[in-house]
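Here the structure comes first, spelled out in structure tokens, and everything after it is commentary.
The values are calculated or read from the model by the stated rules, or taken from the named source; none is laboratory data. Everything quoted here is computed from the prediction, not taken from an experiment. Cβ placement follows ideal geometry from the backbone for every residue including glycine, while neighbour counts extend to all protein chains displayed. Side chains included, ligands, DNA and RNA excluded: accessible areas come from the protein's heavy atoms. Shrake-Rupley method; radii C 1.70, N 1.55, O 1.52, S 1.80 Å.
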Amino acid sequence: MKVKTIALLVAAAASAGVSGSVLAQAKEQFIGLPSYRVGPYAAGGSGIYGGWIDYMTLVNERDGGINGVKLTWEECETEYNNARGVECYERLKKKGATGNTTFQPLSTGITYSVLDKVAQDKIPMVTIGYGRTDAADGRVFPWVFPMITTYWSQATGMVKYIGQKEGGLDKLKGKKIVYLYHDSAFGKEGIPVLEKQAAKHGFNLKTIPVAHPGNEQQSQWLTIRQEKPDWVILWGWGVMNPTALKAAAKTGFPREKMVGVWWSGAEEDTVPAGDAAKGFTAAGFNVAGTNYPVVKAIQDNVYKKNKGNMEDKSRVGSIYYNRGVVHGIITVEAIRVAQEKFGKGKPLTAEQARWGFEHLHIDAKRLKELGAEGFMPDLAITCADHEGSGKVKFQQWDGKAWKVVSDWVDADKEMVRPMIEESAGKYAKEKGLTLRDCAKEG
């Protein structure tokens, strides 16, 4: 039906002396979605991609697209599998009139797998809150954008939060912190910066891996019981999280002394754990709830028209869903910024969209205009800094819902940025890359 409609439009345009290809291209901006709605991590994938799709639908329904350019998309199921992720990348990259605008795999493993490909194909890869941390150095990784907050920044924010609870960072000296992590590229990403912080603040760090998918943790919690740590940082994903919370309750470890990564801090992590989750705290770069204008706009303009993506409408406003809305906001705003340079109302190439991501500034004023004030942090991306923020909020599960228990907490940038530049520099040397001169690029 869609192909037939476009054909009729092209025919009509041709009779009026207008190029059919120009008309077709002027109407659509294609977004390829390497989603995962099946498998052990389906809750995260379905929630985030669902929220993202609903935001794009909102832009189409309420605004008529971005300056008249309608957003189109196609999902490709990865099952959170690296090989499938690469297949989806290849399948999606030439879709649409101008090719795939951006690749956002929602998987650190897939991110690593296509890192070289996106540079070769000139397609921006946006990894909001995940992926390779040193890709925040845009001088080395011009095509990768680990936006808002990287894992290393988040880890420093978590240690700051723990320090606040102990009465100050100086009170961490001699304390014992266990890092219980998903044994994958994602889980290992936090170790280097936590080791640096342990040395800086004088706490003892014990790292304990949990094999995929994470539903077997008896030996790990036996070790934790023997170690008797003061705090546990839960760096989990999927079924690993409620399993850990239940195990903590069983062994008597207080959930008030557990702080989770943002992939451990969703309703899908706490609700299955029942009472065992109460008191658990997690970091986040977005908040839960429907009492934000942007979410209300989706309800009014999308769900009231029966065009929503979520089969379970009760998930609208959940952590994962709202995180998907953040993905939508960032993608749409980057396209909008790029249109200001390359032409309003025109579809962009992926290379042009990359310029938009690299010049994306969403300040407090713009967040309010978007109906997202307090919903996500402000950010400012530059040539050298593809992270752009580094802030997290902490939310605590009260047994029924997530409640914000902190303001935005800044990362320890004095620690993180040199680590990013050192790691990125090693990558550049290995690959024979020359660092971009951001001053010359303006």
Completion exercise
Once all protein chains are kept in place, Thr223 shows an accessible area at probe 1.4 Å, nearest 10 Å², of 40
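What FRET efficiency do you get for Arg436 and Thr251 if R0 is 35 Å and r is their Cβ-Cβ distance, rounded to the nearest 0.05?
On the way: r = 50 Å, r/R0 = 1.43.
Computed FRET efficiency for Arg436 and Thr251 comes out at 0.10.
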Practice task
Amide H neighbours of Lys175 under 5 Å, at least 5 residues apart or on other chains, H built in the peptide plane: list them.
Solution key: Asn204
Fill in the blank from the handout: Gln164 and Glu340 label points (each 7 Å along its Cα→Cβ direction) are spaced in nm at 3.2
Handout entry: Phi to ³J(HN,Hα) by Karplus 6.51 cos²θ - 1.76 cosθ + 1.60 over the stretch 240-256, Hz, x for Gly, Pro
Key = 4, 6, x, 4, 5, 5, 5, 5, 4, 5, 5, 8, x, 7, x, 5, 5
Fill in the blank from the handout: Checked the stretch 335-432 against the a/c 1.5 cut and the a/b vs b/c comparison, axes a ≥ b ≥ c from its Cα gyration tensor; verdict oblate
Handout entry: Whole-Å distance, taken between Cα centres, linking the stretch 305-323 and the stretch 122-159
Key = 26
Problem - For the stretch 159-202: rounded, prolate or oblate by the Cα gyration tensor [a/c cutoff 1.5] - result: prolate
Handout entry: Stretch gain in nm, segment Glu74-Lys188, where the contour uses 0.36 nm per residue and the Cα spacing is subtracted
Key = 37.9 nm
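Any idea what the relative contact order of the chain is, in percent, if you count C-alpha pairs under 8 Å spaced at least 6 apart? Each step should come with its number before you reach the end.
Working: 867 pairs, mean separation 87.2, N = 442.
Computed value for the chain: 20 percent relative contact order.
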Exercise for the section: For the chain, with all protein chains present and a 1.4 Å probe, just round the carbon and sulfur fraction of the accessible area to a whole percent. Expected result: 49
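How large is the dipole of the chain about the Cα centre if only Lys and Arg carry +1 and Asp and Glu carry -1, each at its Cβ, rounded to the nearest 20 debye? Could you put the intermediate results ahead of the total?
On the way: 58 positive and 50 negative charges, 64 e Å.
Dipole of the chain, to the nearest 20 debye: 300 debye.
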Completion exercise
Projecting the Cα atoms of Phe253, Tyr181, Tyr320 onto the charge dipole of the chain, where Lys and Arg contribute +1 and Asp and Glu -1 at Cβ, the residue farthest towards the positive end is Tyr320
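Of the chain, which part is the longest with no trypsin sites (Lys or Arg not before Pro) in a loop (DSSP not H, G, I, E, B) and with at most 11 other C-beta atoms within 10 angstrom? Kindly include the intermediate steps, with their values, before the conclusion.
Numbers: sites that count: Lys173, Lys400, Lys440.
Here the longest run is 174-399.
Under a point-charge model restricted to the Cβ atoms of Lys and Arg (+1) and Asp and Glu (-1), what is the dipole moment magnitude of the stretch 174-312 relative to its Cα centre, in debye to the nearest 20? Could the numbers behind the result be given before it?
Values: 17 positive and 14 negative charges, 79 e Å.
With Lys and Arg at +1 and Asp and Glu at -1, about 380 debye.
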Completion exercise
The relative contact order of the stretch 335-442, taking Cα pairs under 8 Å that sit 6 or more residues apart, comes to a percentage of 15
Fill in the blank from the handout: Expressed in angstrom and rounded, the centroid-to-centroid distance over alpha carbons for the stretch 337-395 and the stretch 217-278 is 34
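How big is the dipole moment of the stretch 395-441 about its Cα centre under a simple scheme where the beta carbon of each Lys and Arg is +1, that of each Asp and Glu is -1, and everything else is neutral? Debye, nearest 20, please.
On the way: 9 positive and 10 negative charges, 48 e Å.
Dipole magnitude for the stretch 395-441 comes out near 240 debye.
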Exercise for the section: List the residues whose amide H sits under 5 Å from the amide H of Phe30, counting only those 5 or more places along or on another chain, with H placed 1.01 Å from N in the peptide plane. Expected result: Thr72, Ala97, Thr98, Thr101
Exercise for the section: List the relative contact order of the stretch 68-122 as a percent without decimals, with contacts defined as Cα pairs under 8 Å and 6+ residues apart. Expected result: 32
Practice task
Just tell me which lysines come within less than 25 Å, Cα to Cα, of Lys344; anything on the same chain fewer than 8 places away is out.
Solution key: Lys2, Lys27, Lys70, Lys93, Lys94, Lys95, Lys122, Lys365, Lys368
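Please work out the average accessible area per residue across the stretch 33-177, using the 1.4 Å probe convention, and give it in Å². All intermediate terms of the calculation are to be shown ahead of the outcome.
Details: 4360 Å² over 145 residues.
Here the per-residue accessible area is 30 Å².
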Practice task
Please work out how much accessible surface Glu28 shows to a 1.4 Å probe, ignoring ligands, DNA and RNA, in Å² rounded to 10.
Solution key: 50
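Compute the Cα gyration tensor for the chain, then decide on rounded, prolate or oblate, letting a ≥ b ≥ c be the square roots of its eigenvalues: rounded whenever a/c is under 1.5, prolate when a/b is larger than b/c in the other cases, and oblate in all that remain. Before the final figure, lay out each step's value.
Working: a/c = 1.98, a/b = 1.56, b/c = 1.27.
Taking the square roots of the gyration eigenvalues as a ≥ b ≥ c, the chain is prolate.
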